[in-house]
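See below for the structure under consideration.
The values are calculated or read from the model by the stated rules, or taken from the named source; none is laboratory data. All figures in this text were calculated on a predicted structure; none of them were measured in a lab. Note that we place each Cβ from the backbone using ideal geometry, even for glycine, and neighbour counts take in every protein chain shown.
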Amino acid sequence: MSDSNEVLVVASKIKGYIRERGEMKTSGNVLQALSDRLRSLCDEAIESARSDGRKTVLDRDIP
């Protein structure tokens, strides 16, 4: 089981995207906030798959 505080995103990719799209820097807290949001989305997707009787999360399970 992974740590609930573990960063789930690739920092360099997120920072690069924000820099290229918005010509902005990225606060360190953004990575944790994104990881928290991803965990929540994944939890919802897991429940969706489970309620459909599947053991595979599909793209349609992502809200």
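Odds and ends about this structure:
- All conditions but one from (1) loosely packed, with under 10 Cβ neighbours inside 10 Å; (2) assigned to a helix (DSSP H, G or I); (3) among the acidic types (D, E) apply to D36; the one that does not is (1).
- Test for E47: is it surrounded by fewer than 12 Cβ atoms within 10 Å (Cβ to Cβ) and among the acidic types (D, E): no
- Checking M24 against (1) loosely packed, with under 12 Cβ neighbours inside 10 Å; (2) in a helix (DSSP H, G or I); (3) touching a helix residue (DSSP H, G or I) at 6+ places or on another chain (Cβ under 6 Å), the condition it does not meet: (2)
For (1) outside any loop (DSSP other than H, G, I, E, B); (2) within 16 Å of the chain's Cα centre (by Cα), each residue gets a yes or a no:
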position: S4; (1), (2): no, yes
position: R19; (1), (2): yes, no
position: N29; (1), (2): yes, yes
position: Q32; (1), (2): yes, yes
position: D43; (1), (2): yes, yes
position: R50; (1), (2): yes, no
position: T56; (1), (2): no, no
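- Condition check for D43: acidic (D, E) and modelled with pLDDT of 95 or more: yes
- Condition met for L8 (part of a helix (DSSP H, G or I), on the phi < 0 side of the Ramachandran plot and either over 16 Å from the mean Cα position of the chain (by Cα) or surrounded by 11 or more Cβ atoms within 10 Å (Cβ to Cβ) (or both)): no
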